[in-house]
Amino acid sequence: MSTYCDIAPGHPFHGPYHDTEYGFPIEDDDRLFERLVLEINQAGLSWLTILKKRESFTKAFNDFQIETVANYGTKERERLLNDTGIIRTRHKVAAANHNAQQHLTIQKSHGTFHAWLDNHHPLSKEEWVKLFKKTFKFTGGEITGEFLMSTGYLPGAHEESCPAFEVIRKLQPRWIG
């Protein structure tokens, strides 16, 4: 059976993501928020669709600036629902707005979203899913698991034989300990 490490290298969209982002630790809150928004929008679609629309998402969501997205009102949410460059699903747009507001609350209590994640590490995937469902919208098991694996909190992004695995291992992602 082929893995992402088998099919991604050399692909115009998957390749760069696989080689430089997937599974790499992220500390910047806006970049963590971006990954969460993208993972939520991937639900029911292919990751390739999201990677192809990533530039449009970045523009539409003001470079994923948490405070800006948290303050979106009806006008901004309607703008997003009419933006053909992104996934125009009302629940996903509402989740981005709500989740940005939750990020601001987390930043007030923990300093950063990254610190909040670190504060809860290590948890099992099941415990992470419960925490995310309690805290955020549109974060089921698959979305939460992919978000945490893609940001270095859970193992499994790469095969041990993949060159990216060794690069990530040297960065000491949270799942290594």
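The values are calculated or read from the model by the stated rules, or taken from the named source; none is laboratory data. Keep in mind the model is a prediction, meaning the values are calculated, not measured. Using ideal geometry, Cβ is built from the backbone for each residue, glycine included, and neighbour counts are taken over all protein chains shown.
Which condition from (1) within 29 Å of GLN172 (Cα to Cα); (2) among the β-branched types (Val, Ile, Thr); (3) assigned to a loop (DSSP other than H, G, I, E, B) is the one that THR84 breaks?
Of everything listed in (1) within 29 Å of GLN172 (Cα to Cα); (2) among the β-branched types (Val, Ile, Thr); (3) assigned to a loop (DSSP other than H, G, I, E, B), THR84 misses just condition (1).
Among the listed residues LYS170, LYS133, identify the single one that is of a type in the set (D, E, K, R) and under 17 Å from the mean Cα position of the chain (by Cα).
Working: LYS170 fails: under 17 Å from the mean Cα position of the chain (by Cα).
Checking each option against the conditions leaves just LYS133.
Could you list, ordered by first residue, the pairs with Cβ atoms under 6 Å in which the first is in the stretch 100-113 and closer than 18 Å to LYS137 by Cβ and the second is of a type in the set (A, V, I, L, M), at least 6 apart or interchain?
From the stretch 100-113, the pairs are ALA100/ILE66; ALA100/VAL69; ALA100/ALA70; GLN101/ALA70; HIS103/ILE66; LEU104/ALA70; PHE113/LEU32; PHE113/ILE106.
So which residues in the stretch 121-157 are crowded, with 19+ Cβ neighbours inside 10 Å, in contact with a helix residue (DSSP H, G or I) (Cβ under 7 Å, 6 or more places away or on another chain) and within 18 Å of GLN172 (Cβ to Cβ), if there are any at all? Steps first, answer last, please.
Keep residues of the stretch 121-157 that are crowded, with 19+ Cβ neighbours inside 10 Å, which gives 128-129, 132, 136, 138-139, 143-154, 157.
In the following step, the residues that additionally are in contact with a helix residue (DSSP H, G or I) (Cβ under 7 Å, 6 or more places away or on another chain) were identified as 128-129, 132, 136, 138-139, 143-148, 150-154, 157.
Passing the criteria: LEU148, SER150, THR151, GLY152, TYR153, LEU154, ALA157.
When you go through HIS91, HIS103 one by one, which is the residue that is loosely packed, with under 15 Cβ neighbours inside 10 Å, closer than 23 Å to THR68 by Cα and within 17 Å of the chain's Cα centre (by Cα)?
Numbers: HIS103 fails: loosely packed, with under 15 Cβ neighbours inside 10 Å.
Answer to the selection: HIS91.
Do we have PRO9 as touching a helix residue (DSSP H, G or I) at 6+ places or on another chain (Cβ under 8 Å), in contact (Cβ under 8 Å) with a residue 12 or more places away in the chain, of a type outside the set (Lys, Arg) and not in a helix (DSSP H, G or I) here?
Details: touching a helix residue (DSSP H, G or I) at 6+ places or on another chain (Cβ under 8 Å): yes; in contact (Cβ under 8 Å) with a residue 12 or more places away in the chain: no; of a type outside the set (Lys, Arg): yes; not in a helix (DSSP H, G or I): yes.
When the stated conditions are applied, PRO9 does not pass them.
Identify, from the list ILE40, ILE86, ILE50, ILE26, the residue that is of a type in the set (Val, Ile, Thr) and farther than 20 Å from GLU142 by Cα. Break it down into steps so the answer makes sense when it comes.
Details: ILE40 fails: farther than 20 Å from GLU142 by Cα; ILE50 fails: farther than 20 Å from GLU142 by Cα; ILE26 fails: farther than 20 Å from GLU142 by Cα.
Within the list ILE40, ILE86, ILE50, ILE26, the selection yields ILE86.
With the requirement that a residue be assigned to a loop (DSSP other than H, G, I, E, B), touching a Phe, Trp or Tyr at 6+ places or on another chain (Cβ under 9 Å) and surrounded by fewer than 16 Cβ atoms within 10 Å (Cβ to Cβ), what does the stretch 12-58 give you?
Taking the stretch 12-58 and keeping what is assigned to a loop (DSSP other than H, G, I, E, B), we get 12-13, 21-28, 43-46.
Subset that is touching a Phe, Trp or Tyr at 6+ places or on another chain (Cβ under 9 Å): 13, 22-23, 25, 43.
PHE13, PRO25, listed by residue number.
In the stretch 126-139, is there at least one residue being of a type in the set (Phe, Trp, Tyr), outside any helix (DSSP H, G or I), under 26 Å from LEU48 (Cβ atoms) and at pLDDT 95 or above? Outline the logic, then answer.
Residues of the stretch 126-139 that are of a type in the set (Phe, Trp, Tyr), as a first pass: 128, 132, 136, 138.
If we keep only those that are outside any helix (DSSP H, G or I) as well, we get 136, 138.
After this cut, where a residue has to be under 26 Å from LEU48 (Cβ atoms) as well, the list is 136, 138.
After this cut, where a residue has to be at pLDDT 95 or above as well, the list is 136, 138.
Checked against the condition, which is being of a type in the set (Phe, Trp, Tyr), outside any helix (DSSP H, G or I), under 26 Å from LEU48 (Cβ atoms) and at pLDDT 95 or above, the stretch 126-139 yields at least one hit.
Looking at the stretch 158-177 only, could you name the residues that are buried (at least 20 other Cβ atoms within 10 Å of the Cβ) and outside any helix (DSSP H, G or I)? Working first, answer last.
Step one: filter the stretch 158-177 for residues buried (at least 20 other Cβ atoms within 10 Å of the Cβ), giving 158, 162, 164, 168, 173.
Matches in the stretch 158-177: HIS158, CYS162, PRO173.
For the list (1) crowded, with 19+ Cβ neighbours inside 10 Å; (2) farther than 17 Å from GLU39 by Cα, I need the number of the one condition that ASP118 fails.
Status for ASP118: all satisfied but (1).
Quick check: anything in the stretch 9-17 out of contact with any Cys (no Cβ under 6 Å at 6 or more places or on another chain) and under 23 Å from GLN172 (Cβ atoms)? Outline the logic, then answer.
The first filter runs over the stretch 9-17 and keeps only residues out of contact with any Cys (no Cβ under 6 Å at 6 or more places or on another chain), leaving 9-17.
This time we only want the ones that are under 23 Å from GLN172 (Cβ atoms), so: 16-17.
Scanning the stretch 9-17, I find at least one residue that is out of contact with any Cys (no Cβ under 6 Å at 6 or more places or on another chain) and under 23 Å from GLN172 (Cβ atoms), so the answer is yes.
For the stretch 80-96, how many residues are of a type in the set (D, E, K, R), farther than 21 Å from THR144 by Cβ and touching a residue at least 24 places away in the same chain (Cβ under 8 Å)?
Residues that pass the stated criteria total 1.
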